[in-house]
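Please treat every number below as a calculation from the coordinates, not as lab data. Model, not experiment: these values are computed from the prediction. Virtual Cβ from ideal backbone geometry, glycine too; neighbours counted across all protein chains shown.
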Amino acid sequence: MSTEVIVKELPLCDICYEQGKVTTARYDSRIPGQTTWAFMCEEHYDKLGLTLGTGRAQRLVLASERPVKEM
C-alpha cells in the first residue's frame, strides 16, 4: 500500500480554500462517506481524513524533501 506521493509543489487545502483561507495541503484524502477526494492541510486531515493507504489517503511529500539515494 502506498502512503506517500512525491510532488514537485504542494497544492492548497481545498477545504481552507472554500473558506477563503490559503493553507498548504499535506494530504490527499478521500472524504469519509463520499467518493470525493480533497487536498487537506494537517488540521483538516486530522478532523476529516482517512487512515493512510491506497484508496484512502496519501501524505504529500515534496521531492526536495526526499533524501537523494546514492547508487
Once you put a point 7 Å from the Cα of E42 and another 7 Å from the Cα of R59, both along the Cβ direction, what distance in nm separates them? 1.2
Nearest 5 percent is fine: what portion of the DSSP beta bridges confined to the chain is antiparallel? 70
So how strong a dipole does the chain carry about its Cα centre when Lys and Arg Cβ are +1 and Asp and Glu Cβ are -1, to the nearest 20 debye? 140
Send over the per residue convex hull volume for the chain, Cα only, as a whole number of Å³. 94
